[in-house]
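**Q** Got a structure here, written out as structure tokens. Questions coming.
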Amino acid sequence: MQNEKDKTVTLTEAERKFIMIAMIAYALSGELSEEDAKIAEQITNKL
């Protein structure tokens, strides 16, 4: 039987940042666009 711990998903810093960028870009416009992604990337780089 597997441990509950084995089921947890660990994300690398890059993956976490990518997901944040995607979520912020989507939140800004309601759709994904290149321009929104660039703005979101600038925001996450400041975090």
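**Q** Scan (1) modelled with pLDDT of 80 or more; (2) loosely packed, with under 11 Cβ neighbours inside 10 Å for the single condition Val9 breaks and write down its number.
**A** Only one criterion is unmet by Val9, namely (1).
**Q** Next up: So, Ala14, is that one part of a helix (DSSP H, G or I), of a type in the set (A, V, I, L, M, F, W, C), modelled with pLDDT of 80 or more and within 11 Å of the chain's Cα centre (by Cα) or not?
**A** The answer is yes for Ala14.
**Q** Suppose we keep only residues that are aliphatic (A, V, I, L, M) and surrounded by 15 or more Cβ atoms within 10 Å (Cβ to Cβ) within the stretch 23-38. Which one would you say is modelled with the highest pLDDT?
**A** My answer is Ile24.
The values are calculated or read from the model by the stated rules, or taken from the named source; none is laboratory data. In this text the structure is predicted, and so the values were computed from the model without any measurement. In this analysis, Cβ positions are derived from the backbone assuming ideal geometry, glycine residues included, and neighbour counts consider all displayed protein chains.
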